C-alpha cells in the first residue's frame, strides 16, 4: 500500500498547489493595453514576431493549445452549458482570461489525469484491478469537480470583497459628485485610486460607456456580473434618480449610509456565529489535548499503583 499512499499524497499536494496558485494568481491584464503601452515606450516599431516572442511560454504555447482543444470540444457541448460556464467565469472575475470551452476542457483533463495516475499505479504494482478501478473513479470525479469547486470559492470571495469595498467606494463617489464631478468622472476616480474588484468593474463600465453603451445598460451589466444584492439595489437607485431627475449626490449619500449599516450588521452576524463555529475545533482538537494533559499523569500514577496491578497494567 506504500505506492498508493505516496500517490494519494502527491495528488493532494498537486491539488493544494493548484488552489494556492489560483488564489495568488495576479489579476488578468488587458493585452491590448499592454501592447499600446509597449508601443508608447519603444522608439522603433516592433514586428509581430517580436511581440509573440516577448510573451511568456504559458501565453504562447499552453493557453493556445488548451483553447484549441476547447474549440473542438465546444462543438459537442450544449449551448446552455457554455452560457452557464461563461456566467460563472464572469462572476468570478475570470482571472486567467479563460473561455468556457477552455474551462470545461481543463475539467476533463484534470479528471483523466488524476484517475489515470491512480489506475496506472495499480497496474504497475499489480494490485487488485477492481479496487484500483474504484479508487480511480473517485479521483477522476475529484479532478473533474475540483475546478468547479475552485471557481465557486473564487466567486464567494469576490462577492465578499465587493460588498466590503462598496461603502468606501460610495463615499468617494459622493465626495466627487458633491465636488462638482459627473457620475462617470466619479467612477473614473474610484478606478484610479483603488485596485480591487469593485474598482476594476467601475473601470469596465467606463470603457463600455466610452464605446457607446448607455450608462444604465453598462451599470445593469455590472450588477449582473457581480451578483451582489447590494450592488443591484445601488444600480437601481442610480438609474431611477437619473430618470426622475433626483439629486445624484443625495442618492449616493443615502446609499452609502445604508451600506455602512448593512456592513455593520453583517459583521455583528458573523461575530454571533463565531462561538458556534468554534465548537467543532474545540471538541475535536483542543478538548482532547486538554484531557490528555490533565488526565495523563493521573493515568500513569494509577497504572503504577496497586489498583493498576489488580487491573493488569503492571507486570
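The values are calculated or read from the model by the stated rules, or taken from the named source; none is laboratory data. Owing to the predicted nature of the structure, the values given are computational and were not obtained by experimental measurement. Cβ: placed from backbone, ideal geometry, glycine included. Neighbour counts: every protein chain shown.
General observations
- Meets criteria (more than 14 Å from residue 222 (Cβ to Cβ), touching a helix residue (DSSP H, G or I) at 6+ places or on another chain (Cβ under 9 Å) and part of a helix (DSSP H, G or I)) for residue 181: no
- Any hit, region 235-242, residues being assigned by TED's automatic domain parsing to the domain that holds residue 165, modelled with pLDDT under 85, over 23 Å from the mean Cα position of the chain (by Cα) and assigned to a helix (DSSP H, G or I): yes
- Qualifying residue in region 83-93 (condition: exposed (fewer than 14 other Cβ atoms within 10 Å of the Cβ) and at pLDDT 70 or above): yes
- So residue 263, is it within 26 Å of residue 88 (Cβ to Cβ) and assigned by TED's automatic domain parsing to the domain that holds residue 164: yes
- If you check 76, 114 for being outside any helix (DSSP H, G or I), modelled with pLDDT of 70 or more and over 19 Å from residue 154 (Cβ atoms), only one passes: 76.
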